[in-house]
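The values are calculated or read from the model by the stated rules, or taken from the named source; none is laboratory data. Everything quoted here is computed from the prediction, not taken from an experiment. Glycine gets a Cβ as well: all are built from the backbone with ideal geometry, and neighbour counts include every protein chain shown. With ligands, DNA and RNA removed, areas are computed over all heavy atoms of the protein, side chains included. Shrake-Rupley method; radii C 1.70, N 1.55, O 1.52, S 1.80 Å.
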Amino acid sequence: MAIQRKKITVVGAGFTGATTALMLAQKELGDVVLVDIPQLENPTKGKALDMLEASPVQGFDANITGTSSYEDSAGSDIVIITAGIARKPGMSRDDLVNTNAGIVKSVCENVKQTSPDAIVILLSNPVDAMTYVAYQALGFPKNRVIGQSGVLDTARYCTFIAQELNVSVEDVRGFVLGGHGDDMVPLVRYSNVGGIPIEKLIPAERIEAIVARTRTGGGEIVNLLGNGSAYYAPAASLVQMTEAILKDKKRILPAIALLQGEYGYDNLFMGVPTLLGGSGIEKIFELELLPEEKTALDKSAESVRSVIKVVTGG
Ligand SMILES: NC(=O)C1=CN([C@@H]2O[C@H](COP(=O)(O)OP(=O)(O)OC[C@H]3O[C@@H](n4cnc5c(N)ncnc54)[C@H](O)[C@@H]3O)[C@@H](O)[C@H]2O)C=CC1
Ligand SMILES: O=C([O-])CC(=O)C(=O)O
């Protein structure tokens, strides 16, 4: 009898998609189907086979296949969408909006037909707007359409705090609210190291520098790479969200969710603290914000809204 494992599709077999596929398999979260365009079918099959051949060495049991046909991905539990173009130095994520909106829409039309019960996680940028595009194209309930930004942005923020204090990353807690752009809002007041507020440990001007570096963290990597954007930490972030859902862990993680009145915003997809479990986004946590935090969040929301307007023509 065939082994029954969860089925995870990763659409887009580029840097983020391929890295995510390997990390998912290494954690034995399920069988992975990697989908890319027909012109890249053989390289996609080749990447998948190469990953599979690492499994005896690393000792993971998970099948990995490459394809350009959505039929092969039918009935997926989770679909992760990384399809699209990435930015280069000098570009903002928002410059990708028109190209990637077309790609995400066509991908979602296929996903809707072949994996109607899937929970879908978006990575393609500008990700808040792309999550909105996916929600429209899929017609799935809001708990099953989720964007990835906050886990990554928080990971960068926590990395810089750990470096600053020379402490283990394991003891750093914090999170980042808002859109996945340079106006994102790292919440200093809710950040701590081993339970100690970071404001008691790090001078204010150093905290400001950490916040600024977090906001432009994606661009820092883009400038260093020269011809593409980050993929190891983004892939790790997608895997953490997938694990929370497939194992129904009920983790509290920041994710891009449809806001319908939460934080005072309506019909907007943006990063907020969520409870991620077997049904996807099971809850949105609304925190009390100080006036200056709310002003910063409003600015971020306005940036996201202006990009969504480009795709809705509104
Ligand atoms: N939300 C986030 O935190 C992050 C978002 N990103 C975004 O993720 C996207 C992917 O980045 P990379 O993997 O580095 O780019 P990449 O260029 O390495 O890979 C993209 C892949 O998508 C494929 N693709 C294009 N159209 C497709 C379609 N219609 N169907 C299936 N596959 C298609 C391409 O052939 C390519 O293999 C970019 O938009 C990037 O900006 C990247 C990192 C973090
Ligand atoms: O910066 C980019 O274009 C890719 C991305 O979203 C990130 O790494 O945060």
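Let me spell out the model: positive unit charges on the Cβ of Lys and Arg, negative unit charges on the Cβ of Asp and Glu, origin at the Cα centre of segment 66-163. What dipole size does that give, in debye rounded to 20? Write out the running numbers ahead of the final one.
Details: 8 positive and 9 negative charges, 55 e Å.
Charge dipole, segment 66-163, about its Cα centre: 260 debye, nearest 20.
Toward the positive end of the charge dipole of segment 244-314, with +1 on the Cβ of Lys and Arg and -1 on the Cβ of Asp and Glu, the farthest Cα among Pro254, Gly314, Asn267 is that of Pro254. Evaluated at q = 0.17, 0.18, 0.27 Å⁻¹, a Debye calculation over the C-alpha positions of segment 149-209 (equal weights, vacuum) places log10 I(q)/I(0) at -0.50, -0.56, -1.22. Database remark: amide H of Leu177 closer than 5 angstrom to the amide H of Val185, Leu187 (H placed geometrically; neighbours at sequence offset of 5 or more, or on other chains; Pro and chain starts carry no H). For the chain, the fraction of C-alpha pairs farther apart than 24 angstrom is 51 percent. The string of couplings for segment 266-277 from the Karplus curve (6.51, -1.76, 1.60, θ = phi - 60°) is 10, 6, 10, 9, 7, x, 9, x, 10, 9, 9, x Hz, one whole number per residue in order, with x for Gly and Pro. For Lys7, the lysines whose Cα falls under 29 Å of its own Cα, not counting residues fewer than eight places away in the same chain, are Lys27, Lys45, Lys47, Lys105, Lys112, Lys142, Lys247, Lys249, Lys250, Lys283.
Two numbers describe the Cα atoms of segment 85-171: Rg and Dmax, which are 16.2, 50 Å. Restricting the calculation to Cα atoms, every distinct pair contributes to the Kirkwood radius of segment 172-245, found to be 13.9 Å. With the simple spin-label model, which puts each label point 7 Å out from Cα in the Cβ direction, the Lys27 to Glu262 separation comes to 2.1 nm.
If you average over every viewing direction, what projected area does the convex hull of the Cα atoms of segment 2-142 give, in nm²? Intermediate values should be presented prior to the final figure.
Values: hull surface 34.9 nm².
Over every viewing direction, the Cα hull of segment 2-142 projects on average to 8.7 nm².
Computed from the Cα positions only, the extents of segment 240-313 along the three principal axes stand at 36, 33, 19 Å, in decreasing order. Between segment 167-195 and segment 15-61, the C-alpha centres lie 31 angstrom from each other. In sequence order, segment 284-301 has phi-based couplings of 10, 8, 9, 9, 6, 10, 6, x, 5, 5, 5, 4, 5, 5, 4, 5, 5, 4 Hz under the Karplus curve 6.51 cos²θ - 1.76 cosθ + 1.60, θ = phi - 60°, and Gly or Pro positions carry x.
Between Asp248 and Glu205, take the C-beta separation as r, use R0 = 35 Å, and let me know the FRET efficiency to the nearest 0.05. Efficiency for this residue pair is about 0.25.
Just order 165-171, 122-128, 294-300 by mean Cβ neighbour count inside 10 Å, highest at the front, would you? Let's see the in-between values first.
Details: 165-171: 11.9, 122-128: 28.9, 294-300: 17.7.
Per-residue mean Cβ counts within 10 Å order the peptides as 122-128, 294-300, 165-171.
Remark on Ile80: its backbone amide H falls under 5 Å from those of Thr9, Val10, Val11, Ile121, a criterion applied only to residues 5 or more positions apart or on other chains, H modelled at 1.01 Å from N.
Kirkwood's formula applied to the C-alpha pairs of segment 168-314 gives a hydrodynamic radius of 16.7 angstrom. Once backbone amide H atoms are built at 1.01 Å from N, Thr274 has Leu253, Ala255, Phe285 as its partners under 5 Å, excluding neighbours fewer than 5 places away on the same chain.
List the trypsin sites (Lys or Arg not before Pro) in segment 134-174 that DSSP assigns to loop (not H, G, I, E or B) and whose Cβ has at most 12 other Cβ atoms within 10 Å. Which are they? Present the calculation step by step, with values, prior to reporting the outcome.
Details: sites: Lys142, Arg144, Arg156, Arg173; in loops: none.
Hits after loop and neighbour filter: nothing returned.
With no solvent and one equal point scatterer per Cα, compute the Debye intensity ratio I(q)/I(0) for segment 2-66 at 0.12, 0.14, 0.23 Å⁻¹ and report its log10, rounded to two decimals. So the normalised log intensities are -0.25, -0.34, -0.88. Each residue of segment 203-214 is assigned a 3J(HN,Hα), and the resulting list reads x, 3, 6, 6, 4, 4, 5, 5, 4, 5, 5, 4 Hz, derived from the Karplus form 6.51 cos²θ - 1.76 cosθ + 1.60 (θ = phi - 60°), x at Gly and Pro. Per-residue ellipticity at 222 nm, computed for the chain from helices alone with -39500 (n - 2.57) per DSSP H run of at least four residues, works out to -13500 deg cm²/dmol.
Under a 1.4 Å probe, what is the accessible area of the chain per residue, stated in Å²? Walk me through the numbers before you get to the answer.
Details: 14010 Å² over 314 residues.
That works out to 45 Å² per residue.
Translational diffusion coefficient of segment 202-241 (Stokes-Einstein, Kirkwood radius from Cα pairs, 37 °C, 0.692 mPa s): 283 µm²/s.
Here the simple spin-label model places points 7 Å from the Cα toward Cβ, and for Gln113 and Asp61 these points are separated by 3.5 nm.
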